[in-house]
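Taken together, the values in this text are just the output of simple stated rules run on the coordinates, not laboratory data. Because the structure is predicted, anything quoted here is derived from the model rather than measured. Cβ placement follows ideal geometry from the backbone for every residue including glycine, while neighbour counts extend to all protein chains displayed.
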Amino acid sequence: MYPHVVTGVLAAKRRDVIRRNLAALPAYTLVLGFIALFGYMARAVPAVNAGVKAGGGNSQLSVPLLFEHVFPSWFAGVGYSTIVIGALVPAAIMSIAAANLFTRNIYKEFLRPNATPAQETRVARLASLLMKLGALGFALELNRTFSINLQLLGGVWIVQTFPAIVIGLYTRWFHRFALVIGWAAGMAYGTIEAWRTPGNGQAHFGASTAPILGHVTYIAIAALVINLVVTVVLTLVFRLLRLPDGYDETRRADYTVDPVDTPAVRKNPVRAGRHRSAAMGEH
């Protein structure tokens with residue numbers, strides 16, 4: 001559900017590209033797990049623990065100190081460069097995703113419906129630049145602990161899209177108004193609960209877990225439960241009230257139609273024509 005994954009799906013030109021990317025996604029996730037093991041390696045090196053204490057207990061120094069004390073100097077330089085590049089890549093992807101979403105769903109939809117592709121590209125580039133500058137300002141000006149917890153708060157928010165995005169892939173049973181209200185309820189609870197949670201010397205946004213019904217729970221999970229309960233209950237209520245749910249223009253044939261210039265279509269133009277005819281017939 002994070003932009004790192006969603007952006008690749010939305011930008012894919014053909015179905016086989018999505019299939020190939022998602023097939024490789026578990027390997028990417030596995031590598032993230034290996035990177036997390038750096039923390040255990042750092043804890044096993046006394047010099048790293050001493051360096052973290054000397055740095056005021058800043059655990060973000062663990063991996064750089066690990067490179068410095070365990071590897072040769074030339075490899076430590078490569079590791080430092082990797083950290084910088086690794087931080088820039090997801091930031092760039094998310095800024096591009098935010099810029100495209102703004103351009104397509106706000107600028108073109110509400111501000112300038114007749115915008116040309118060149119104008120959309122120019123606005124997207126400007127929006128992406130502003131996103132990067134805003135992120136840089138956050139990184140330089142905000143307290144480090146608050147910045148980390150703000151990222152955790154982003155996780156609380158992202159999880160609230162689960163019913164609409166992930167469950168929506170398998171069922172259309174939920175009423176669309178119920179999905180929106182459930183999302184709003186989960187967002188409101190998760191944000192307020194995170195704001196009320198102290199920790200690490202902060203009165204607000206101090207941690208991503210809180211005591212809920214006598215158990216320390218990840219705030220995102222509690223908010224997701226509220227989200228789902230509200231969505232299910234309101235769906236039943238709206239169904240009883242026969243509240244219109246809108247019209248879904250997607251048809252089954254749309255999932256198997258490729259652009260005309262793709263290799264699959266060039267190899268089998270008869271199949272592509274049949275798909276286009278089926279789609280037009282259902283519309």
* segment 135-240: D in µm²/s via Stokes-Einstein (Kirkwood Rh, Cα pairs, 10 °C, 1.306 mPa s)? -> 108
* Please report ASP248, ASP254 as a ranked list, fewest other C-beta atoms within 10 angstrom at the top and most at the bottom. => ASP248, ASP254
* Charge dipole (the chain, unit charges on Cβ, about Cα centre) - positive-most of GLY214, THR171, PHE138 -> THR171
* Over the chain, equivalent-ellipsoid semi-axes from the Cα gyration tensor in Å -> 40, 28, 20
* Structure fact -> Across the alpha-carbon set of segment 1-110, Rg over Rh with Rh taken as the Kirkwood radius works out to 1.12
* **the chain: angle of helix 117-141 to the longest principal axis, Cα-based, in degrees nearest 10** => 20
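Which order results if ILE96, ILE106, ILE212, ILE85 are arranged by neighbouring Cβ count within 10 Å, fewest first?
Values: ILE96 19, ILE106 12, ILE212 15, ILE85 9.
Result, fewest neighbours first: ILE85, ILE106, ILE212, ILE96.
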* Structure fact -> Between the Cα axis of helix 219-240 and the main Cα principal axis of the chain, the angle (0 to 90°, nearest 10) is 20
* Just tell me which aspartates and glutamates come within less than 18 Å, Cα to Cα, of LYS132; anything on the same chain fewer than 8 places away is out. => GLU141
* Structure fact -> Taking the dipole of segment 1-103 about the Cα centre (Lys, Arg +1; Asp, Glu -1; charges at Cβ), the one of PHE102, LEU88, LEU32 that reaches farthest to the positive side is PHE102
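Rule-of-thumb check for segment 54-108: C-alpha Rg over 2.2 N^0.38 Å? Don't skip to the answer; put the middle values down first.
On the way: Rg = 17.5 Å, N = 55, 2.2 N^0.38 = 10.1 Å.
Cα-based Rg divided by the globular estimate yields 1.74.
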* What is the distance in Å between the Cα centres of segment 130-192 and segment 20-70? -> 26
* For ARG125, ARG176, order by how many other beta-carbon atoms lie within 10 Å, fewest first -> ARG125, ARG176
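Of all the Cα-Cα pairs you can form in segment 63-200, what percent are over 17 Å apart?
Values: 7079 of 9453 pairs.
Here the tail beyond 17 Å accounts for 75 percent of pairs.
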